[in-house]
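I have placed the structure first, in the form of structure tokens, so that the comments after it can refer back to it.
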Amino acid sequence: MNVAIIGGGLAGLTTGYELAKVGHQVTILEKRSTCGGQVGTFTVGGGRLEVFYHHIFWGDGEVIRLASEFGLADRLQWLDSRVGFYHRGKIYNFVTPLDLLRFRPVSLLDRLRLGLVGMYLRRYRDWQRLEGLTAREWIIRWAGRRNYEVVWGPLLRGKFGEMADQVSMVWFWGKIHQRFASRGRLGQREKLGYLRGSFGLMVDALVERIQRIGGHVLTASPAARIRVEGGRAVGVDVVGQGMITADRVIATVPSSTLLGLAPEISGDYRRLLEKARYQWAACLVLAISQPISPIYWLNISDPSIPFVAAIEHTNFISPAEYGGKHVLYLTNYVAPESPLTTASAKEVLKLYLPHLKKINPSFQERWVQEYHLFRDPAGQPMVGVNYSSNIPAYRTPIAGLYLANTTQIYPQDRGMNYSLRLGLAVARAVLGDMGREGGGRADGQ
Ligand SMILES: Cc1cc2nc3c(=O)[nH]c(=O)nc-3n(C[C@H](O)[C@H](O)[C@H](O)COP(=O)(O)OP(=O)(O)OC[C@H]3O[C@@H](n4cnc5c(N)ncnc54)[C@H](O)[C@@H]3O)c2cc1C
């Protein structure tokens, strides 16, 4: 069967790979000039790296499996992460349990509560019971108001802005659960994984395999409209290329984009798509001549600083990979109305630079050798209470049209591992339907 997939990110490529493997004629349509989507890459000093910081956790089995299938296992490195917390002009390490005990902005009792709550959530599995609660109310109740105000409240506000108080406890549970699972049993140092040469290698391998088995990957090919006839998806109009006919169409684009591509979608499903809210991700990447701190991931708990984390990639991966340059991601998640969604890279640089001196008083503007701004309007889906009832199904009300995007990832937070899983799950749903409708080839025959 002919399958058109809109979007050449990990979800689209995985779905395409699975369907092509069993003999379907797959065409992937990617609007940008390269595939990868949120895990797209660029180069600094001859080294390739992600436009948005990326690492994986121990539990990210799908990424590990795929890296191994593509012969990339020896490039997967597991390294100690160095996490820190900036509060009132001081950097606190947040790596070992001892660091937690030294975290003076909250009382000793609150520090103990912070540690105990982390350990409890790590072991807690019954996340469905948390569905009706906001992270805010749960944290204040069990970790205390001060811990919310100083530690977790700023992190939630950093990611969700004004929606922070409505974020579901399940989202927070997922985050803590995942992070603690990347530590040893006794809460030792966290290990994070990175693919030397960037996760773009996985994207390349997917594209190459799809093409090798007869699939088409068309870049610079934006889908303009999904063609629907008699309640069934029959193809996709591609800007400048006319219509591509298809027996099945799989959209891996944000929910609002799908509504634009297929305005025929109606009823409850439409309402779910309309309900989806995203924060933009906006990342200014600096190539600098010297490190700003010894920390890899520095959370910022200071409302006077206009970014929420300073992620120094070269405190994780050696600067030698990037021609000796140090790479710093200054990251933000903002509402669609924020000026950061339209500001130029130069304007953002001007806004951020003075604040780097707060992190490192010896910082000089002349350290900056390059700067790049990357943005994504669907950077982080908003996960509110009782989110499971807001998730659109893979199958849309239009026959033959499917959806696979990050709003469907739950109870975990969005991540490469889950986008790969999503791709596999949607491919299975499509194959199942083909089998039931007598489309043949459900089993590859
Ligand atoms: C700031 C940030 C940091 C992250 N850090 C991590 C991390 O450390 N670890 C981790 O595991 N995950 C991380 N992630 C998440 C991970 O990158 C995503 O889960 C994953 O890449 C999403 O894949 P996707 O295919 O669902 O979506 P996308 O990557 O968004 O792919 C969708 C694709 O559709 C294309 N498209 C849109 N409209 C059209 C159209 N009309 N026609 C054709 N194509 C179209 C887009 O160009 C895009 O390529 C991060 C994400 C962000 C934003």
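The values are calculated or read from the model by the stated rules, or taken from the named source; none is laboratory data. If you're wondering where the values come from, they're calculated on a predicted model, not measured in any experiment. Neighbour counts are summed over all protein chains in view; Cβ atoms, including those assigned to glycine, are modelled from backbone coordinates with ideal geometry. Accessible surface is based on the protein model in full, side chains and every heavy atom, while ligands, DNA and RNA are left aside. Shrake-Rupley method; radii C 1.70, N 1.55, O 1.52, S 1.80 Å.
Of note:
- Number of residues in the range 328-344 that are outside any strand (DSSP E or B), touching a Phe, Trp or Tyr at 6+ places or on another chain (Cβ under 9 Å) and of a type in the set (Val, Ile, Thr) equals 1.
- Within the range 209-221, the set of residues being more than 12 Å from residue 16 (Cβ to Cβ) and either open to solvent by 40 Å² or more (accessible area, probe 1.4 Å) or hydrophobic (A, V, I, L, M, F, W, C) (or both) comprises 212, 219, 220.
- Candidates 89, 174, 132, filtered to the one that is surrounded by fewer than 19 Cβ atoms within 10 Å (Cβ to Cβ) and under 27 Å from the mean Cα position of the chain (by Cα): 132
- Out of 353, 401, 330, sole residue that is out of contact with any His (no Cβ under 9 Å at 6 or more places or on another chain) and in contact (Cβ under 8 Å) with a residue 24 or more places away in the chain: 401
- Counting the residues of the range 260-295 that are of a type in the set (A, V, I, L, M, F, W, C), part of a loop (DSSP other than H, G, I, E, B) and over 30 Å from residue 312 (Cα atoms) gives 3.
- Positions within the range 1-47 being aliphatic (A, V, I, L, M) and within 16 Å of the ligand (Cβ to nearest atom), in sequence order: 3, 4, 5, 6, 10, 11, 13, 19, 26, 28, 29, 39
- Residue ID - surrounded by the most Cβ atoms within 10 Å (Cβ to Cβ), chosen from residues in the range 178-189 that are under 14 Å from residue 115 (Cβ atoms) and modelled with pLDDT of 70 or more: 179
- Looking across the range 17-33, the residues that are in a helix (DSSP H, G or I) and open to solvent by 40 Å² or more (accessible area, probe 1.4 Å) come down to 18, 21.
- In a residue-by-residue description of the range 64-73, the property of being open to solvent by 60 Å² or more (accessible area, probe 1.4 Å) and over 20 Å from the mean Cα position of the chain (by Cα) applies to at least one position.
- Just one of the numbered conditions (1) among the aliphatic types (A, V, I, L, M); (2) assigned to a helix (DSSP H, G or I); (3) not assigned by TED's automatic domain parsing to the domain that holds residue 146 is not true of residue 91: (2).
- Residue within the range 357-368 that is over 21 Å from residue 281 (Cβ atoms) and assigned to a strand (DSSP E or B) present: yes
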